[in-house]
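So the structure is just underneath, and the comments pick up after that.
Each reported figure results from applying straightforward, stated rules to the coordinates on display, with no laboratory input. What you see is a predicted model, and the numbers here were worked out from it, not measured in a lab. Virtual Cβ from ideal backbone geometry, glycine too; neighbours counted across all protein chains shown.
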Amino acid sequence: MTMKKIISIILLLSFSLSLVACGKSEPKKISCEDIIKAYGDAGYYVTHGEHKTQADSSHLCYIKANMSEDPDSDYIYFITCFTEEQAEEAHETDKYNLAIWLYATVSGESRWLKSGTYREIEYSYYNSEMIKPFKELIK
């Protein structure tokens, strides 16, 4: 092979690779119904609130998925908002800090609350197993 062919092949491969690397898609849009179905299908006991308008509330709906019928069992809690900014504000409110954890420990809840956002959705949970259906949903 000549040097020109080798350089041409290298340039072609690098150009092709750069096009593939830039092909990231936008995160999936997830509805309240999608979350309810995912957790119901996974065997969780799901309760949810009515859908609201933006004039009524900053939250579109809330969803609580329990591990069992016992209302005191581990659960994951979702809030769907109208904007990503509202979800971030809800996340900042739910974010655990050391002072809150110390107070919760004295009150009998010594686990660390985990929370996060995905687009317009804010979620919080204690048991890491509970996020798995949501992670599958957003793949």
Once fully extended, how much extra length lies between Ala42 and Glu26, figured as 0.36 nm per residue of separation less the alpha-carbon to alpha-carbon distance? 3.2 nm
Computed label-point distance, nm, for sites Ser115 and Met67 using a 7 Å Cα→Cβ extension: 2.2 nm
All lysines inside 24 Å of Lys132 as judged from Cα atoms, apart from same-chain residues fewer than 8 positions distant: Lys24, Lys28, Lys29, Lys37, Lys64, Lys95, Lys114
Using the Cα centre of the stretch 33-111 as the reference point, and only Cβ charges (+1 on K/R, -1 on D/E), how large is the resulting charge dipole? Debye, rounded to the nearest 20. 140 debye
Provide the per-residue ³J(HN,Hα) series for the stretch 87-104, in order, calculated from phi with Karplus coefficients 6.51, -1.76, 1.60 and θ = phi - 60°, each as a whole number of Hz, with x at glycine and proline positions. 5, 5, 5, 5, 5, 4, 5, 7, 4, 6, 10, 4, 5, 5, 4, 4, 5, 5
